[in-house]
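Take a look at the structure below.
Quick note: the coordinates plus some simple rules give every number you see, no bench work behind them. Note that the structure is predicted; figures quoted are calculated from it, not measured. Cβ sites come from the backbone with ideal geometry, for glycine too, and all protein chains shown count toward neighbours.
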Amino acid sequence: MPRLDLCSADEIAPGSAIKVENGDLVLAVFNVDGAYFVTDDLCTHGPGSLSEGYIDGDVVECNFHNGQFDIKTGEVVSPPCMVPIKTYKTTVENGRVMIDTD
Ligand code: FES
């Protein structure tokens, strides 16, 4: 299973996210109280970029129509989003945020 090196963990402050592009993937990399999670950046509801969303604990709110996702599981927390956001198995090794892709 290919692993991708996305960014340095210390680029992302707790409670924030950055957008990382790698090949065809456009990802949001979140730091939730020192734990790292990666999802697709594009909201499943429309053009919203989740790395630019409002983060409250482990929930991100899309800044387009205020739909919300669980950052850890990708599940929808509140509408209008209906489809979960894709998440990636994320690890930190030697200060780098890595994901497994399938
Ligand atoms: S584009 Fe994200 S809630 Fe509509």
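Some notes on this structure:
- Members of the stretch 1-32 that are assigned to a loop (DSSP other than H, G, I, E, B), touching a residue at least 24 places away in the same chain (Cβ under 8 Å) and of a type outside the set (Val, Ile, Thr): Met1, Pro2, Gly15
- Annotation: Val83 fulfils all but one of (1) under 9 Å from the mean Cα position of the chain (by Cα); (2) assigned to a loop (DSSP other than H, G, I, E, B); (3) over 20 Å from Asp5 (Cα atoms); the unmet one is (1).
- Residue within the stretch 65-73 that is in contact with a His (Cβ under 9 Å, 6 or more places away or on another chain) and in a loop (DSSP other than H, G, I, E, B) present: yes
- Scan of the stretch 21-39 for residues that are buried (at least 18 other Cβ atoms within 10 Å of the Cβ) and either over 29 Å from Pro80 (Cβ atoms) or in contact with a Ser or Thr (Cβ under 8 Å, 6 or more places away or on another chain) (or both), ordered by number: Leu27, Ala28, Val29, Phe30, Asn31, Tyr36, Phe37, Val38, Thr39
- Pro84 being near the ligand (Cβ under 8 Å from one of its atoms), of a type outside the set (D, E, K, R) and under 21 Å from Val20 (Cβ atoms): no
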